[in-house]
Structures are given as C-alpha cells and as structure tokens.
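Trainee: Take this structure first; my questions come after.
The values are calculated or read from the model by the stated rules, or taken from the named source; none is laboratory data. Predicted model, so just to flag it, every value in this text is computed and none were measured. Positions of Cβ are backbone-derived with ideal geometry, glycine not excepted, and every protein chain shown enters the neighbour counts.
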Amino acid sequence: SKGAYSLISQDLRFQGRILDTLERKLGKENEGVLFRKKFYSLMELEHLEFVKTINSKCNKSINIILFFYSNKNEEIDTSEKLGDILSTLYAKNPENLLIYSFDLNLDSEIIKSLKRKYHVGNSPKIILNEDKEFTSLSNINEIESLIGSSSLKMINPLTNPPLIINNFIIEILK
C-alpha cells in the first residue's frame, strides 16, 4: 500500500541521514560507521526489492538508480561529482525516481554480490533500471533524458530476478 511504501521510504531516508552525519563526525573509515553502512546497504536492498514488486504488481514505473561510489582518494572526486548530479536529478524527479547508493569498497558480501551481478569494478558506476550503465556523466541531461522515456525498459522481475533476502542471507539469482 502507499502508506507502507511511504513509511518504509521515510525510514530508509532517516537511516541514510544518520549515516551521513556519522560519516561527517567520525570519518568515512570509522569502524562503527562502516558497520552501520553494511546494515544500511541491507536496508537499501530490501527497499529495492519492495519497489521492484510495486513496479511489477501495481503497474508503476518508478525509475531505479544504483549508484556505486568510492571514498578512495583516487575516485572520491568522481564519486562526489556523480553524487551531486544524482542529487539534483532526484530533486527534480522525487515521485518517479529512487537512488540507492552503495560504497563499492565496503568489505561486505552484499556489496561483493552486487558488484558481480552488475559487473562493477573499482570505479564509480551508475545503473539505471538495470538497463543503462554510466561510468561518467558530464551533466544531468545525459541521464535525465532517460527518466520517463517510453523507450526505457522498466525492471521486470521475471527477466531480472530479485535478490532474495532472508535472515541476512543474500542469494543472487542470475
């Protein structure tokens, strides 16, 4: 239901703000921050699967972006630039766009599985609706033109099997 979706989405945003605050106060490499980031990644995956179900069962077309970023010195500028572009894109499309951000260097089986599934190396990458991939963006128009495009393939759980999350065990199908 729309109420459940709003509540779950609101909780995810709240947890994201807490994580952002902890990163700024304690540092991105703080052990407690990294532990919380692993938990947040799991929450994002659960939310992602919920949204994919809404898209398929309720005939919705919420665009989904997976943003794999890096806090490593050699990639942080690119990651921050892409993050800024995506933040602007979300601000312009809050009703039909969700962005899930994953630290590609996080020592986590969840992240390793996602990197394998989406063919992510050690550089930042954006994946739109499991169909379009970007490793760089010069401006927001490159990806904005695809949001809401009738030619854009929405995620279909029959052709793009979900991640199954049970008791913190992640199994990637496909």
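Trainee: Cβ-Cβ below 6 Å, separation at least six or inter-chain, first residue in region 19-31 and under 16 Å from residue 41 (Cα atoms), second assigned to a helix (DSSP H, G or I): which pairs?
Mentor: 19/36; 19/40; 22/33; 23/33
Trainee: A follow-up question, please. Take the residues in region 85-116 that are β-branched (Val, Ile, Thr) and either in a helix (DSSP H, G or I) or modelled with pLDDT of 95 or more (or both); name whichever of them is surrounded by the fewest Cβ atoms within 10 Å (Cβ to Cβ).
Mentor: Only one residue fits best here, namely 88.
Trainee: When you scan region 45-67, do you find a residue that is crowded, with 17+ Cβ neighbours inside 10 Å and of a type in the set (Asp, Glu), even just one?
Mentor: no
Trainee: Any residue at all in region 64-84 that's outside any strand (DSSP E or B), of a type in the set (Gly, Ala, Ser) and farther than 16 Å from residue 104 by Cα?
Mentor: no
Trainee: I want to confirm something. Restricting to region 1-34 and keeping residues that are over 17 Å from the mean Cα position of the chain (by Cα) and among the basic types (Lys, Arg), which single residue is modelled with the lowest pLDDT?
Mentor: 2
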